[in-house]
Structure formats: C-alpha cells, structure tokens
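To keep things clear, I will list the structure first and then write my remarks on it.
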Amino acid sequence: MRSAKVTRKTKETDITVSVRLDDGTGKSTARTGVRFLDHMLASLATHSLIDVTVKAKGDLQHHTVEDVAITLGKAISMALGDRVGIRRFGDAIVPMDDALALAAVDLVKRPYSVVDLKLKRVMLEDAPREDLEHFFGSIAQALEATVHVKVLEGSNDHHVFEAAVKAFALALREAIALDPRRAKMKAPPSSKGSM
C-alpha cells in the first residue's frame, strides 16, 4: 500500500502529514489553525480519494499555509516511491457555480508550476490571497511535479479557489493511479527510462 508520514519541524512550524494513496476514501482530518485551508484540504482529499491527516502549528499564517503545502507534497512524493507503474499525467476541468478551473499534473520529478487563479479579494475567509496562491507552487516543488492550474471563469473568489483545488485533486488522482500495463513493465512512464 502506498502511504507515507512526513514531519516538518522548523523554528516557525511543526507539521505532520500522513497520506494513503491506495484504497483511500478521501477522508481528511486537518487541524492547521486556518479554517479555509482545512476546508480546502478536505476538498482535496475528497476528490483525489487520498486519505489525508494534517496536524500543524505555526507562528504565522503564511508559514503554516506554505509548510503544510510543502509537507503534503513531500508525503505524496514519498508514498509514490520510484513512481514505477503510475499513469504520470492527469488533467481535469471543474465547474463550481460561477467558477471554471482547469488543472494538469505531470509527476515527472521536475518541479514547475504555472498558477493563474484570478483572485480579487485580499482575504478568502481567514486566509490571505497571496498565501493561497503560493500553495500550489509549494506543493509542486515538494511533490517534484509539473503543475498547471488556471481559472477560466469566476466572480466569487471562494468558488474560484475551491474549483481550482478540486481540479487539481482530480488531476492528481488520475496521475497517481496505477496503470496495469505499466506495472507489468516495471519501468517508469518515461521514454528516458527514468523519471
């Protein structure tokens, strides 16, 4: 079973994240001190079908949001192991009322992100916009993945960000899925022979 537990402890934060990729039901237990982040982690777990447990304490909200993303990315990367047998690529388009978001993920072990959320408000519930915008980039870096997230439509920032999270979750779900044909080859999904 692909699962991992990662702890990140710095002078600014103390974070532990556990993930279970296989046989997950999308269960989430998130206690970060940032209610909107907890809500988004629940949405990410629900739609990726990755079971996620997050316990976080931080000195500043910015550090908490960033380090939760880093620790979550590392946990998923660790659970993926050598990435042999995975589909590697995933993409999704998600509507949520007025919002429409797309996401694409490549688990290639080359961290890169392009994020265009078009958020307007300074705060989304109890989370600063700039922290939330940074969230996807931090996950991509720690996960060693190429991640593109783009909002195509939307006027309600809560819906916009949640649609982006759901699109990312569905793309990630597809990318981490085991491909029976690849698994038989016991090789990573790359023409180079390595990720």
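Could you go through the range 103-111 and let me know if any residue there is in contact with a Ser or Thr (Cβ under 8 Å, 6 or more places away or on another chain) and either basic (Lys, Arg) or at positive phi (or both). Taking every residue of the range 103-111 in turn, at least one turns out to be in contact with a Ser or Thr (Cβ under 8 Å, 6 or more places away or on another chain) and either basic (Lys, Arg) or at positive phi (or both). Exactly one residue out of GLU133, GLU174, GLU162 is under 14 Å from the mean Cα position of the chain (by Cα), acidic (Asp, Glu), over 16 Å from MET40 (Cα atoms) and in a helix (DSSP H, G or I): that is GLU174. Residue pairs whose Cβ atoms lie under 7 Å apart, sitting 6 or more positions apart in sequence or on different chains, and linking a residue in the range 175-195 that is loosely packed, with under 10 Cβ neighbours inside 10 Å to a partner that is modelled with pLDDT of 80 or more, are LYS186/VAL84. Considering the conditions (1) in a loop (DSSP other than H, G, I, E, B); (2) out of contact with any helix residue (DSSP H, G or I) (no Cβ under 7 Å at 6 or more places or on another chain), HIS148 is excluded by exactly one of them, (1). Here the strands (runs of 3 or more DSSP E) wholly within the range 61-117 that include at least 2 residues being over 18 Å from HIS134 (Cα atoms) and of a type outside the set (A, V, I, L, M, F, W, C) are 89-96.
The values are calculated or read from the model by the stated rules, or taken from the named source; none is laboratory data. Computed from a predicted model, the values in this text were never measured in an experiment. A quick note on method: Cβ atoms are made from the backbone with ideal geometry, for glycine too, and the neighbour counts reach across all protein chains shown.
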